[in-house]
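One structure is given here, and the rest of the page talks about it.
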Amino acid sequence: MELVAAADSDERGLSLLKVVNVLQKVVVFVHTFTVDKLRSQLTRTASEEMPHMSEDIIEAKVREICQELVLSPEVLKEVCDCLQEEINKGLAKDSHPEATVKCFPTYVRELPNGKEEGRFLALDLGGTNFRVLLIEFSSKCRMDSKIYAVPQPIMVGPGDGLFDHIAECLASFIKERNLGNELLPLGFTFSFPCKQEGLTKARLAQWTKGFKCEGVEGRDVVELLKQAIARRGDVQIKICAVLNDTTGTLMSCAWKNRNCRIGLIVGTGTNACYMEKLEKVELWDEVIDDPPQIFVSRSVVINTEWGAFGDNGCLDFVRTEYDNNIDSESVNPGKQLYEKMISGMYMGEIARQVLVRLVSEGLLFGGFASDILLEKGSFFTKYISEIESDKSGDFNNCRAILEELGFNDATDADCANVRHVCECVSRRAANLTAAGVSVLLNRIGEESVTVAVDGSVYRFHPHFHNLMVEQISQLVKPGIKFDLMLSEDGSGRGAALVAAVASRCAAMR
């Protein structure tokens, strides 16, 4: 009897387990169905409330909504006036501490003259990898480089550990190339926020990009690297300069083009540097003519750090609800507001937010949004470049991207409206960048100036160059001629050139 009872109990247990499994599946199904149904209802609501509209009416409404991204000549002129004022604040001693556009002197007094010769080292640290380069200048530029990783434990470990690792890689690079008997000048590209206090002195303001090495913030990174090299005692290196990638971009182009006076980055972030007359730089704390036969220009390269333009509210008149949303959801709310309207880190998300609004108002995809489009960050900035690469009336790239986003039945009208959104976002970015460059060109005031440019947005967007040229032409003073020149390896070759120029000037003393 006990065996029978046990068997009956097991059968009842198995039956109960089956019932539970079935109920769980039903619950999951109902939950999924309910969530999907709610999502569909939310994305359908706007289109159900609106009457049927023709494609022409939809197009007109799309353009009306996008109009706030279109900047008039008057607005761009006001942006220029604001930036001019902010740069003056950054250069003035009294207003500099509160200025948002900091305008740090880089202590780079001279640009290449094209006659630089010799072998130089460059060290490029700005992320999870760093490069060591051997660059030889003669009639041509020859480069040999190697990439080294910065392991995660080193990125967040003691500061001495980071610089010991860099010194070890430098030593390995030098020994592999049998350079041990040479005292080679080195240019150090350190692409983190720094307060520069001399050509070979820069204090780290704060770590970014995932680095959190203790004992480095507030200290001179050049001195830390020197100490690490000295601890090894097996290599000879003379650090001649520390710089950021914007200055390197300027130097790299200036080696080929003697009219180069501005360096510009438009990529994941944005920044610019330019040659400013020393009498306008109240922060300058060295003798202007030291000695006079060396520094012909009486100028210095200024690192504007213009990504923070507008952090004090002066750009609120051009910012939109999309800009406010992106800023509030960013890791640094209230900071780098100009950059957030321009750079590749944010352009795609601006476009996505506009597209979501158009869907919610029944103006795209019949009012239905895909799950992917509703996800923050799902519309990459590269999509803007790819969509705008389609020829007029051709939507091949656009359709492929929309399919990735879950829209398999987009109409030609949908594609045309998506492209219009992308064009508005990228044109605004190009126009705002052009406004900044125009201010620098007008400050320099020379008859012919070349602007060195680098960064993924400028390199890969099919129309960014032309959009910038078109707008700068409208904003620059009459009589000033300019051209935009793509820079080649500013953080590598540019660093070596700063070292080369510094060596040349030192030899003349």
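The values are calculated or read from the model by the stated rules, or taken from the named source; none is laboratory data. On a predicted model such as this, the values are computed, not experimentally measured, just so you know. Using ideal geometry, Cβ is built from the backbone for each residue, glycine included, and neighbour counts are taken over all protein chains shown.
Quick look at the values:
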read-out: Selection within the stretch 200-236 - closer than 29 Å to I302 by Cβ, more than 24 Å from the chain's Cα centre (by Cα) and surrounded by 15 or more Cβ atoms within 10 Å (Cβ to Cβ); value: T200, K201, D220, V222, E223, L224, L225, K226
read-out: Condition check for A507: assigned to a helix (DSSP H, G or I), of a type in the set (A, V, I, L, M) and more than 20 Å from L83 (Cα to Cα); value: yes
read-out: Residues being over 27 Å from G313 (Cα atoms) and of a type in the set (F, W, Y) - total across the stretch 330-373; value: 2
read-out: Unique residue being in contact (Cβ under 8 Å) with a residue 24 or more places away in the chain and either among the β-branched types (V, I, T) or farther than 23 Å from Q196 by Cα (or both) when the list is L125, L134; value: L134
read-out: Hits in the stretch 91-109 (condition: surrounded by 16 or more Cβ atoms within 10 Å (Cβ to Cβ) and of a type in the set (S, T, N, Q)); value: T100, T106
read-out: Residue in the stretch 158-181 that is among the polar types (S, T, N, Q) and within 23 Å of the chain's Cα centre (by Cα) present; value: no
read-out: Hey, V75 touching a residue at least 12 places away in the same chain (Cβ under 8 Å) and in a helix (DSSP H, G or I) or not; value: yes
read-out: Flag if Y338 is buried (at least 16 other Cβ atoms within 10 Å of the Cβ), farther than 17 Å from C66 by Cα and out of contact with any Cys (no Cβ under 6 Å at 6 or more places or on another chain); value: yes
read-out: Test: E64 is closer than 30 Å to L358 by Cα, free of Cβ contacts under 8 Å to residues at least 24 places away in the same chain and outside the structural domain of F211 (by TED's automatic domain parsing); value: yes
read-out: Members of the stretch 369-398 that are more than 20 Å from H463 (Cα to Cα), over 26 Å from the mean Cα position of the chain (by Cα) and not small (G, A, S); value: D371
read-out: Sole exception among (1) within 30 Å of I58 (Cβ to Cβ); (2) of a type in the set (D, E, K, R); (3) outside the structural domain of G269 (by TED's automatic domain parsing) for R504, by number; value: (1)
read-out: Some residue of the stretch 438-458 being among the charged types (D, E, K, R), in a loop (DSSP other than H, G, I, E, B) and either assigned by TED's automatic domain parsing to the domain that holds M341 or over 22 Å from I302 (Cα atoms) (or both); value: yes
read-out: Selection status of K340, assigned to a helix (DSSP H, G or I), in the same structural domain as I65 (by TED's automatic domain parsing) and out of contact with any Lys or Arg (no Cβ under 7 Å at 6 or more places or on another chain); value: yes
read-out: Number of the condition not met by E446 [criteria: (1) crowded, with 18+ Cβ neighbours inside 10 Å; (2) among the charged types (D, E, K, R); (3) within 26 Å of W306 (Cβ to Cβ)]; value: (1)
read-out: Selection within the stretch 465-489 - part of a strand (DSSP E or B) and among the aliphatic types (A, V, I, L, M); value: L484, M485, L486
read-out: Qualifying positions in the stretch 75-90 - surrounded by fewer than 22 Cβ atoms within 10 Å (Cβ to Cβ) and touching a Lys or Arg at 6+ places or on another chain (Cβ under 8 Å); value: Q84
read-out: Condition met for A500 (over 24 Å from the mean Cα position of the chain (by Cα) and not in a loop (DSSP other than H, G, I, E, B)); value: yes
read-out: Selection within the stretch 185-201 - part of a loop (DSSP other than H, G, I, E, B) and of a type in the set (S, T, Y); value: S191, T200
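Quick grid of which residues meet (1) part of a helix (DSSP H, G or I); (2) at pLDDT 90 or above; (3) hydrophobic (A, V, I, L, M, F, W, C):
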residue: F120; (1), (2), (3): no, yes, yes
residue: E168; (1), (2), (3): yes, yes, no
residue: N178; (1), (2), (3): no, yes, no
residue: R203; (1), (2), (3): no, yes, no
residue: E217; (1), (2), (3): no, yes, no
